[in-house]
Amino acid sequence: MIHIDKKVKMSRPLTEIDIMALLAKHGLASEELCNALAAETLKSAKIVAYIAARRGLVSWAEVEDIIQSTAEKAWKYLKSWNSTKSSWITYVSWITKSVIGDYGRNLCRRQEAENLYYENYKGEPEDE
């Protein structure tokens, strides 16, 4: 049984997904419940990733990678999720935004490296 401290006031009621996440966090969720939580996690990540792609923040080719990276991070940091501060869906949304930022930074670094390469080696003959 999960003990919720009576001193902690919940500012919002827990959703079904929050309860699934709490059970998974404490190792009390069945495999079926974990699969249901994983499906909801992927759905939430997909929505945020699609919005980012429609706004041109990431390419459509990267959307699936972003969704998978988000799911991995969400499970990795499940123990640090605090149900009194945010819902599971909000938590996953913030993780997705973080992953999108990581992809954007990596893209900028890749483009800078390519530009630097072409500036330094432009016009030089290739080794035979």
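General observations
- Highest GNM mean-square fluctuation among Ile47, Ile67, Ile95, for the chain modelled with Cα contacts below 10 Å: Ile47.
- Between Tyr77 and Asn120, full extension at 0.36 nm per residue minus the direct alpha carbon distance yields a gain of 11.3 nm.
- Size check on segment 24-83: the Cα extents along the three principal axes, sorted descending, read 40, 22, 16 Å.
- The trypsin sites (Lys or Arg not before Pro) found in segment 20-70 that occupy coil by DSSP, while having at most 15 further C-beta atoms within 10 Å, are Arg55.
- Rg over Rh for the chain works out to 1.20, both radii taken from alpha-carbon positions and Rh defined as the Kirkwood radius.
- Distance from segment 39-65 to segment 81-114 (C-alpha centre basis), Å: 11 Å
- Cα long-axis angle, helix 63-76 against the chain (0 to 90 degrees, to the nearest 10): 50 degrees
- The ellipsoid that matches the Cα gyration tensor of segment 59-127 has semi-axes, each √(5λ) in whole angstrom, of 38, 11, 9, with the longest given first.
Read the figures in this text as sums done on the coordinates, not as results from a lab. Being a predicted model, the structure only gives us computed values, none of them experimental. Cβ: placed from backbone, ideal geometry, glycine included. Neighbour counts: every protein chain shown.
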